[in-house]
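Engineer: Before I ask anything, here is the structure I am working with.
Here, each number is a calculation from the coordinates, and none is a lab measurement. A quick note: this is a predicted structure, and the numbers were derived from the prediction, not measured. Note: ideal-geometry Cβ built from the backbone for every residue, glycine included; neighbour counts use all protein chains shown.
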Amino acid sequence: MYRAAHADWAKFITVCRGPLGPEAIIGHDPPHDRLRWQGDVMKVMVFVKATKESESGAPPDPKVMEAMGRYNEALTAAGILQEQILGGLKPTRFAKRVHFSGKNRTVIDGPFAETKELVAGFWLWEVKSIEEAVEWAKQCPNPMPTDSDIDIRPLYSLEDLEKWRDSK
C-alpha cells in the first residue's frame with residue numbers, strides 16, 4: 001500500500017516541492033479521517049521515548065528483549081508490522097543534530113540534554129485506525145526498566161500532499 005502509493009517518486013517529489021512549499025507539510029493538521037491509506041489502512045510511526053536508563057547505554061534486560069521479540073512476532077502475525085521497519089537507537093552521545101537557520105547549517109554533537117524529547121526506538125505500523133494503534137501499543141511490554149512512554153504519529157499520505165498542492 002505504502003510502496004504502491006509512492007512508486008512514482010518523480011510525482012512524489014513534485015508534490016513535496018509543489019506550489020505550497022514545505023510549510024504546508026509542517027503547518028497542516030488534517031482530521032484523522034483524512035489520514036487513511038488505500039484499503040482503509042494508515043501508516044503510523046510508533047516511538048519509544050528515551051529515559052535516563054536508555055541514554056546511559058546500559059544493555060536491556062534479556063527478559064524484556066525476549067518479551068519484545070514475542071510482541072514483534074505478534075505484530076507481524078497480525079499484519080501490523082509488515083515491512084519490518086523497527087529498531088532500538090543508540091544513546092545520543094553517538095548522535096549528531098543538524099540545525100537549520102535559513103541557508104545556514106550547524107552540526108551539534110550529542111549527547112542531547114532533554115531526555116523526555118528523545119526517541120530510543122521505533123516501529124512503522126500499518127493499522128486500520130489510530131485507535132487500533134493505541135490498542136496494540138497498550139499491549140507492548142514496558143520497553144524500559146522504569147516508567148516510559150510510547151508516542152504514535154500518523155504519517156501523511158500521498159493523497160494529503162496532492163490535496164495541499166491542488167488546493168492553492
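Engineer: Could you derive backbone 3J(HN,Hα) for the range 155-163 from the dihedral phi with the Karplus parameters 6.51, -1.76 and 1.60 (θ = phi - 60°), listing whole Hz in sequence and x where the residue is Gly or Pro?
Structural biologist: For the range 155-163, the Karplus-derived couplings read 8, 6, 8, 4, 4, 4, 5, 5, 5 Hz, x marking Gly and Pro.
Engineer: Let me ask something additional. List the pairs from Lys63/Lys138; Lys49/Lys163; Lys116/Lys138; Lys52/Lys128; Lys96/Lys138 whose alpha-carbon separation is above 23 Å, in the order I gave them.
Structural biologist: Numbers: Lys63/Lys138 18 Å; Lys49/Lys163 32 Å; Lys116/Lys138 20 Å; Lys52/Lys128 34 Å; Lys96/Lys138 31 Å.
Violating the 23 Å Cα-Cα cut-off are Lys49/Lys163; Lys52/Lys128; Lys96/Lys138.
Engineer: Can you pull out the GluC sites (Glu not before Pro) in the range 74-155 whose DSSP state is coil and whose Cβ has at most 14 other Cβ atoms within 10 Å?
Structural biologist: Details: sites: Glu83, Glu114, Glu117, Glu126, Glu131, Glu132, Glu135; in loops: Glu83, Glu114.
Hits after loop and neighbour filter: Glu83, Glu114.
Engineer: What shape does the range 35-156 take by its C-alpha gyration tensor, where a ≥ b ≥ c are the square roots of the eigenvalues and a/c under 1.5 counts as rounded, a/b above b/c as prolate, and the rest as oblate?
Structural biologist: Values: a/c = 2.39, a/b = 1.26, b/c = 1.90.
Because a/c hits 1.5 or more and a/b fails to exceed b/c, the range 35-156 counts as oblate.
Engineer: Mind listing the long-range amide H neighbours of Gly121? Cut-off is under 5 Å, sequence gap 5 or more, other chains count too, H placed in the peptide plane at 1.01 Å from N.
Structural biologist: Close amide H contacts, sequence-distant or interchain: Val48, Leu89.
Engineer: Taking H placed 1.01 Å from N in the peptide plane, check which residues at least 5 places from Ile85 or on another chain put their amide H under 5 Å from its amide H.
Structural biologist: Counting only residues 5 or more places away or on other chains, the set is Leu124.
Engineer: What list of ³J(HN,Hα) values in whole Hz, one per residue of the range 124-141 in order, does the Karplus curve 6.51 cos²θ - 1.76 cosθ + 1.60 (θ = phi - 60°) give from phi, with Gly and Pro shown as x?
Structural biologist: Per-residue couplings from phi come out as 10, 10, 10, 9, 7, 6, 5, 5, 5, 4, 4, 4, 5, 5, 5, 8, 5, x Hz.
Engineer: Could you run the Karplus curve 6.51 cos²θ - 1.76 cosθ + 1.60 with θ = phi - 60° over the range 94-103 and give me ³J(HN,Hα) per residue in whole Hz, x for Gly and Pro?
Structural biologist: 9, 9, 10, 10, 9, 9, 9, 9, x, 8
Engineer: For all pairs of alpha-carbon atoms in the range 93-168, what percent lies in each bin of width 10 Å, listed from the first bin to the last filled one?
Structural biologist: Going from the shortest bin to the longest, the percentages are 13, 28, 32, 24, 3.
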